[in-house]
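All remarks here apply to the structure that follows.
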Amino acid sequence: MGNYFFETEGPIDRVDGKQKVTGQALYAGEYPLEKLCYGVLVGSSIARGNITAIATKEAENAAGVLAVITHLNRPAIPGYTGEGDSGPAGMKLMSSPAIYFAGQPVALVIADTFERAQHAASLVKVAYKTTESSTDLSTQLSKAAAPRRGKSEYSRGEKNAYKKAAVWIEEDYVIPHEVHNPMELGSITAVWNGDQLTVYDKTQGVKASQRSYAQLFGVPQDNVRVVAPFVGGGFGMALRTWPYEVAAVMGARKVGQPLKLMLSRSQMFTLVGYRPHTIQQVGIGATRDGILTGISHDATAATASYEEFTEGVVRMTQFMYSCANVDTRYRLVPLDVSVPTWMRGPGEATGAFALESALDELAYKLDMDALDLRKKNYAYTDPESGLPYSSKFLMDCYDQGAEKIGWYKRNRQPRSMKNGEWLEGYGMSSGVFGAHRPAATARAVLAADGSLLVQSAASDIGPGTGTAMVKIAADVLGLPYDKVRFELGDSRLPPAPTQGGSGTNSGVGAAVHDVCTAVKEKLILAMNEGKAGFSKQPQQEWLFEKGRIGNGAESISFSDLLKNMGQSAIDLTRDSKSGEERQKYAFYSFSVHFTRLWVHARTGVVRIKQIVTVADAGKIVSEKTARSQMVGGAIGGIGMALMEEAVFDHRFGRMVNNNFADYHIPVNADVPDIDTIFINKPDPYINPMGAKGMGEIALIGYAASVTNAIYHATGKRIRELPVTPDKLL
Amino acid sequence: MINFDYLRTASVNATLDAIKREPRAAFIAGGTNLVDLMKRGVTSPPRLIDINNLPLKNIERTSSGISIGALATNSAVAINEMIRSDFPLLSQALHAGASPQLRNMATVGGNMLQRTRCTYFYDTTMPCNKRQAGSGCGALGGYNRMHAIFGASDKCIAVHPSDMCVALVALNATAVVRSNKGERRIPFGDFHRLPGDTPQTDNQLKAGELITAVEIPSNKFQQHSFYLKIRDRSSYAFALVSVAVALSIENNRISDARIAAGGVAHKPWRLLNVEKALTGQPASVETFQKAASIATQGAKGYGQNNFKLKLLPQAIIQALETASS
Amino acid sequence: MSKTLPTSDEQGKGASRRDFLKWSGAAVAVSLTPSVVTRAAGERADETIAGFFEKMPLKLEVNGKLHQLQVEPRTTLLDLLREQIGLTGTKKGCDQGQCGACTVHVNGRRINSCLSLAVMNEGQKITTIEGLAKGDELHPLQEAFIKHDAFQCGYCTPGQIMSGVACINEGHAGSADEIREFMSGNLCRCGAYPHIVDAILETKKGGNNL
């Protein structure tokens, strides 16, 4: 921890706020380019089988059509190496007649206007030989197998020890297929200029996308520029390069014009990943006074037949609570569906629903308060690694959240609290996620006018990365916010990690901190050398404030100091990464969620009345944007708990509610006031700011607070999400 | 979407002429359903006749009640003072539907003519007898959580998605339609039809006919009416089940009762048996429960929508309690 | 495609207009002014031919500026704004009337521009997010959105703000609950709803300058 204050100017407004509220922020599908053409993908109507014939003449002859590309005439994509239809970059776009899931791209139609491209796409006629498909995890559990990569089993102590406990429960918990659905559609605009490629992309990582396009299209990485200063939400969906993006880049090269491709909302359900349907069994046992003696957690998740996807569904169970005997198992069932991907919280959110529900069930069976049960089994060192925590203020989270919502004032008995025709319930749950610090590089340029430009190829899919980085830079150098500009979202900038796994603020923030500190050291050196020309000469402590350096009596502006130094600017770049502290400590962020809700006794309608969500995410860098992130996580959790489920008609292997009218995400009227509490104590080891990640813990565990509250309200335990009114009748 | 002809008309007569010239044309008013259907290729009329300039937007008192022009928007009707004071049930039902933006676009006539939201109807790769006669009903044996429990056939189990129409059928409204042959009036309960063997036809409107107005007779339900909509989220969602209730209560006795349900049939579903069970009875929970218990007589679930058999009576009791209090 | 950037004197000069009249053939163009365009075309030609010519003149006002354009009847107001006029502040989130990202004002009333055909807006006054501020001076609700951090990714934001301004003007911003209901036509996946409600409540109380 350096000389660090974070209280320079109070809360900072979002630095790109004005652009966002005036419509000036440009997203991937909005760059005005000459000769722009439009791509539309045609999706397979069947889930499994082969294309036997594909008729494109009519589409090709339609007005304005520039090209129709299918597996029969697809230009070569150099990066598609190896046998088969799937490679390191995932499914190879239109590489054979084989169909692996409904909606799989079978043709790309390119035309001079969007309307013409869309119409021509409807003229492509495809004949298939259909093979029986299987898309239903629940009927295919016998095919469950360990993933090809990664560890699928874990145990410490005795297996299935819960069954010997004085009090135990064993239940199944089910998470349906859920879809990210950021508001911005999957969008890309690709521009080739010779072998130079510029891609305006919806991506959570411009550097990763740059590598990916360079590899796929066989051009040097420096020839590829990926631009994404604004990303309309991601939630994990833009963590990788998808076939639709490959299609756009390929199509642009083929027609020799800039090409824009925006997925339709229904394509967003099948072409860019999702949280997979997962069936879990949790057994958990304790002594009569509530000391956990065994937890067993078994998860089986859906994946694609052509590509394996794994995530940390059972991870939380391994390290959340102090318990001597823990065993977990994670298996996959390949189905005729598109490949899943990480969705906010990722697997941990799936697992937390099961674990945190099971704890609630056990608490009731023990006749013990659910929060007390958690406190009683509090882990003071990481039960998995045995390491001490870098910092852990989960107990404070429990206490402050409980106080705020009045947890201990409730009548714990199920169905005991009423408000007119509504049954009232309280529920709580917790979440945890590894606190990471990915390597990053940042450049800082202190200009002659005393303003600071900081650059890093980070992304901002919504959390306010730019805002937090400006805050860090301003605080390190004692600059007013409006003197600092942070540039991100361009692969030409110094490398930064992909925005995922709650690592950006920590990793990029550390790089920004380090490079600004280096700038500061240069200035201090100059001050110590007497470059300021102060009457009283050198001293150890300089005061950095409002763009000036002083000693209390005299001060000089950065601008004048630079002049005195004979320099037009200070331009530095610093790499920043974690060190051996990662081997000495266990790094985690923690959250606790409390929900008070009403259930309508007659109709099963649930109304969430109050939410208190508490985070131990270390030091909070930018409070205003952090609050928005926590609020957003809880609202995502409302969707997960009460309404989100992508439904298949397994007879056809097709999704039947792939639109916003049938796949419900929360609307404004679903959401009550939400209190967010930050413990706001710095982690001494993670990075110079002491800031841990927050994006995932905002959501992880939240859904269980709702189902636990529903149990409290009604006495009805729902173990299969989402809890729609029909399940409570 | 195909590129279609577009024609804008300025009078009812010109409109009726235009549709006679090209019977395959479709009228477009708000467009909130039609444009979506055209984008998805569910329907592809070669010509659109834009009727937004027709003088059919007025809401007027008549000697027997009120007349609402077919082009009055859903929001205009919902906030109209006469509607709110004399027919609060209609205002409530309209506010329960769609979103403020869509209500600003959608018209009364268009609301009556909106197509089902059955997923198989919208997905052109799936079987649907309503979209393509003879292709089969995907919802039978498929995803039918939102589907009908009354009056369905083995050809179609789709439901009519409107909230407004549920209130209008409860209020004994009449649809006024015009064609070259003149004007005719269709009682609201007869306007929409059951699927039978021809689910492709939603209603009794004949080729060349244009809805010009909806008339609602005066009533005494102002004090005791309520529209209850049960859905998967708090707003901007179609009904699992909805109930329109209008009661006239004199000396705590129900002198007149109207009940209709939405989300349960191919048409807004009037529950005459429940109305009969309420009429003349004291306005009490016991009465409501007894009446609601016969609401699902003749109803049938198709698997995923079986819960509606339980939900509908509960919703009726709830709506009656709210309306009577 | 050719960007049909608006000019004040395009009408009567553009090739598209001549094509329109040629195509109309026997058609009777009663008037090309806002009120009535009557075309009684005979048999439709093959789509490939028709598609090339089928553009109609359209005159509308966007953010106070008159645009005279040639558009296909199938072009939605949303695509017209984004792809032809170059106003990309209005967002496409579903193209099906199910999310509200495309909300604009037509004659002061909020609508979903994805379900409105451009040609249905002949002679109308359209206001988009780009037309809300007065020069550098933000609309009070835009200011309030920044103050309350009523967005994260910003993609639904233009729609939320256009909807919010209308919500206040309609008189549907009387309480937090009323705002919640009357703002439910605008989805936000980042979950900014509570802050959106705060921003609208505060702007409503401010009461000025809407």
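From the square roots a ≥ b ≥ c of the eigenvalues of the alpha-carbon gyration tensor of chain A, which class results: rounded (a/c under 1.5), prolate (a/b over b/c), or oblate? It comes out oblate by the Cα gyration axes.
Per residue, chain A exposes 33 Å² of accessible surface when a 1.4 Å probe is rolled over the protein heavy atoms with every protein chain present. Note on B:4-12: average number of Cβ atoms from other chains within 10 Å of each residue's Cβ is 6.
Going from the isolated chain to the complete set of protein chains, segment A:13-60 loses at least 40 Å² of heavy-atom accessible area (1.4 Å probe) at A:R14, A:K18, A:K20, A:V21, A:T22, A:G23, A:Y27, A:E30, A:Y38. Sequentially through segment C:87-97, phi angles give Karplus couplings (6.51, -1.76, 1.60; θ = phi - 60°) of 9, 8, x, 7, 9, 9, x, 8, 6, 9, x Hz, Gly and Pro residues having no value and appearing as x. Diffusion of segment C:66-210 by Stokes-Einstein, at 10 °C in a medium of 1.306 mPa s and with Rh set to the Kirkwood radius over alpha-carbon pairs, works out to 104 µm²/s.
The mean count of C-beta atoms from other chains within 10 Å of the C-beta of residues in C:174-184, rounded to a whole number, is 5. Accessible area per residue for segment B:224-324, computed on protein heavy atoms with a 1.4 Å probe, is 35 Å². Return the aspartates and glutamates within reach of A:K563: Cα separation strictly under 18 angstrom, same-chain partners fewer than 8 residues apart disregarded; answer none if there are no such residues. Reachable aspartates and glutamates: A:D449, A:E521, A:E529, A:E554, A:D571.
Label sites at C:L66 and A:E170, each approximated as a point 7 angstrom past Cα along Cα to Cβ, lie 8.0 nm apart. Here's the picture: charge each Lys and Arg Cβ at +1 and each Asp and Glu Cβ at -1 in segment B:5-52, and of B:M38, B:I51, B:L16 the one pushed furthest to the positive end of that dipole is B:M38. No solvent, one uniform scatterer per C-alpha: report log10 I(q)/I(0) for segment B:224-324 via the Debye equation at q = 0.19, 0.24 1/Å, two decimals. Here log10 of I(q) over I(0) equals -0.85, -1.28. In chain A, the DSSP-assigned H stretches of four residues or longer account for a calculated mean residue ellipticity at 222 nm of -7500 deg cm²/dmol, using -39500 (n - 2.57) per stretch and the full residue count as denominator. Using the average count of surrounding beta-carbon atoms within 10 Å as a protection proxy, the listed peptides A:496-503, A:469-476, A:565-572, B:71-78 rank, highest first, as A:469-476, A:496-503, B:71-78, A:565-572.
Full extension of the segment from A:K125 to A:R149, taken as 0.36 nm per residue of separation minus the current Cα-Cα distance, would add 4.8 nm. Charged side chains reduced to their Cβ positions (Lys and Arg at +1, Asp and Glu at -1) give segment C:140-206 a dipole of some 120 debye around its Cα centre. The equivalent ellipsoid of the protein assembly as shown has semi-axes of 49, 39, 31 Å, largest first, where each one is the square root of 5 times an eigenvalue of the Cα gyration tensor.
Placing pseudo-labels 7 Å out from each Cα toward the beta carbon at B:A133 and C:S175 gives an inter-label distance of 5.2 nm. Using a simple spin-label model with pseudo-atoms 7 Å out from Cα toward Cβ, B:N273 and A:A448 lie 9.0 nm apart. Shielding of peptide A:264-276 by partners, expressed as the average count of other chain Cβ atoms within 10 Å per residue Cβ, is 2. Here the calculated FRET efficiency for C:K205 and A:E58, from their Cβ-Cβ distance with R0 = 56 Å, stands at 0.45, rounded to the nearest 0.05. Charging the Cβ of each Asp and Glu at -1 and of each Lys and Arg at +1, and nothing else, the dipole of the protein assembly as shown about its Cα centre rounds to 1920 debye.
Nonpolar atom fraction for the protein assembly as shown, defined as the carbon and sulfur part of the 1.4 Å probe accessible area, stands at 48 percent. Once the Kirkwood radius over Cα pairs is known for segment A:56-198, the Stokes-Einstein relation at 20 °C and 1.002 mPa s delivers a diffusion coefficient of 104 µm²/s. Highest mean packing first, where packing is the average number of other Cβ atoms within 10 Å per residue, the peptides A:348-356, B:113-121, B:287-295 line up as A:348-356, B:113-121, B:287-295. Positive end of the dipole of the protein assembly as shown (Cβ unit charges, origin at the Cα centre): among A:I638, A:Y378, A:Q400, the Cα lying farthest that way belongs to A:I638. Apply the a/c threshold of 1.5 to the C-alpha gyration tensor of segment C:140-181 and tell me whether it is rounded, prolate or oblate. The shape class here is prolate. Taking a ≥ b ≥ c as the square roots of the Cα gyration tensor eigenvalues, with a/c under 1.5 meaning rounded and otherwise prolate when a/b beats b/c, else oblate, which class fits segment B:159-291? Prolate shape, in that a/c is at least 1.5 and a/b is the bigger ratio. Summing Cβ point charges (Lys, Arg +1; Asp, Glu -1) relative to the Cα centre of chain A gives a dipole of roughly 440 debye. Once the C-beta distance of A:D195 and A:K35 is scaled by a Förster radius of 25 Å, the resulting FRET efficiency is 0.85 to the nearest 0.05. By the rule of a C-alpha distance below 19 Å, with chain neighbours fewer than 8 residues away ignored, the aspartates and glutamates paired with A:K584 are A:D382, A:E384, A:D683. Taking Cβ atoms as reference points and 12 Å as the exclusive limit, the residues near A:G285 contribute a net charge of +1, counting Lys and Arg as +1 and Asp and Glu as -1. Heavy-atom accessible area buried between chains A and C is around 4900 Å² (1.4 Å probe, both sides summed).
Neighbours of B:T212, meaning other residues whose beta-carbon lies under 10 angstrom from its beta-carbon, give a summed charge of -1 when Lys and Arg score +1 and Asp and Glu score -1. The GluC sites (Glu not before Pro) found in segment A:505-608 that occupy coil by DSSP, while having at most 12 further C-beta atoms within 10 Å, are A:E529, A:E541, A:E580. Taking only the alpha carbons of segment A:142-191, we obtain Rg and Dmax values of 20.5, 66 Å in that order. Only protein heavy atoms count here, probed at 1.4 Å, and on that basis chains B and C bury about 3400 Å² of accessible area in total.
Applying 1/(1 + (r/R0)^6) with r as the Cβ-Cβ distance of A:A439 and B:N306 and R0 = 45 angstrom yields a FRET efficiency of 0.20.
Take B:185-195, B:209-219 and order them by the average number of nearby Cβ atoms within 10 Å per residue, most first; the result is B:209-219, B:185-195.
The values are calculated or read from the model by the stated rules, or taken from the named source; none is laboratory data. The model shown is predicted, which means the values in this text are computed figures rather than measured ones. Backbone-built Cβ (ideal geometry, glycine too); neighbour counts: all protein chains shown. We work out accessible area using only protein heavy atoms, side chains counted, and drop any ligands, DNA or RNA first. Shrake-Rupley method; radii C 1.70, N 1.55, O 1.52, S 1.80 Å.
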